[in-house]
Amino acid sequence: MKADAPVALVTGASRGIGREIALAFAKDGFRLAINYSRSEDKAKELEKAVARLGSKPLLLKADVSKSKEVQTLVAEVMKNWGRIDVLVNNAGITRDRTILKMTDEEWEDVVRVNLNGAFWCLRDCSKAMIERKEGAIINISSIVAVRGSVGNANYAASKAGLIALTKSAAKELGRFNIRVNAVLPGFHLTDMGRAVWGKYEERIRSEHTLGRLTDIRELAQFVLFTAKQKSASGQVFNFESRVI
């Protein structure tokens, strides 16, 4: 690994989509900062996988819903490598329940992680990027942000907020050559996806124009591709075959 290799910070990287995205960046020669909150065993497995690629990643535990922990997270990356070239805001949770039954805590937990956490990370990482007049931020949103969904209004609202954050941040940060885009990753059989797969499999398959789910490794490559584009900013990319 080159000493001046670019640095990517992926939040919620220990499992699922985040893990595949992190591996894609590591394989492409990025120095990798792996953020996780709870799944320490999975994070260490990813750390070993990245090490086998010839790079020693930073393993950083932080709850992105807490601003001070995000500040410490970003400071640790800067202390070790002095730069952040790419931020992938992937960390997210669900607390599914219909609106009339949803508790205050279920609403607030999801918004704190999915939206507040993304904002804290974007704000602090963009400060580091401004110094180099270069950077890319990818916010992992969801198709339910634009289509709505029954039983997870908190998740849909938080992901819709991410789209608005993406467009606003792109306008504010463009003068510093920082590109901000959002990706709607589609449905994948991750730990989070499997929780609803049995109930909604037929509907999910029927809505896909290609009759199949998207490949998680192709998604990871698309996120990497998007981060490396120099002219795209403020865009929302729907990476699946369900029509919005």
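Every number in this text was worked out from the coordinates using simple rules, so none of it is lab data. Not measured: the values here are computed from a predicted model. Note that we place each Cβ from the backbone using ideal geometry, even for glycine, and neighbour counts take in every protein chain shown.
Things worth noting here:
- Among Gln229, Gln71, Gln221, the largest mean-square fluctuation in a Gaussian network model of the chain (Cα springs under 10 Å) belongs to Gln229.
- Over the chain, Cα pairs under 8 Å with separation of 6+ residues give a relative contact order of 19 percent.
- Working note: 222 nm ellipticity from helices only, DSSP H runs with n ≥ 4, each -39,500 (n - 2.57), summed and divided by the residues of the chain, gives -15500 deg cm²/dmol to the nearest 500.
- Ellipsoid equivalent to the chain - semi-axes via the Cα gyration tensor, in Å: 27, 19, 18
- Shown in residue order for region 54-59 are the 3J(HN,Hα) couplings computed by the Karplus curve 6.51 cos²θ - 1.76 cosθ + 1.60 at θ = phi - 60°: x, 10, 9, x, 8, 9 Hz (x for Gly and Pro).
- The label point for Glu134 and the one for Glu106, both projected 7 Å from the Cα toward the Cβ, are 4.7 nm apart.
- Excluding same-chain neighbours fewer than eight residues apart, the aspartates and glutamates reachable from Lys228 by a Cα-Cα span under 18 Å are Asp4, Glu20, Asp28, Asp85, Glu134, Glu218.
- Phi-derived couplings, Karplus 6.51 cos²θ - 1.76 cosθ + 1.60 at θ = phi - 60°, listed residue by residue for region 13-18: 8, 6, 9, x, 4, x Hz, with x used for Gly and Pro.
- Taking amide H atoms as placed 1.01 Å from N in the peptide plane, the amide H of Leu58 lies under 5 Å from those of Leu32, Ala33, Ile34, each 5 or more residues away in sequence or on another chain.
- Of Ser158, Ser231, Ser141, the residue with the greatest mean-square motion in the GNM of the chain, using alpha carbon springs below 10 Å, is Ser231.
- Of the cross-linked pairs Lys133/Lys167; Lys68/Lys159; Lys56/Lys171, those separated by over 30 Å at the C-alpha level are Lys56/Lys171.
- Region 1-132, relative contact order [Cα under 8 Å, separation at least 6], %: 26
- Under Karplus coefficients 6.51, -1.76 and 1.60, residue-wise ³J(HN,Hα) of region 39-50 in Hz, glycine/proline x: 7, 5, 4, 5, 5, 5, 4, 5, 4, 5, 5, 5
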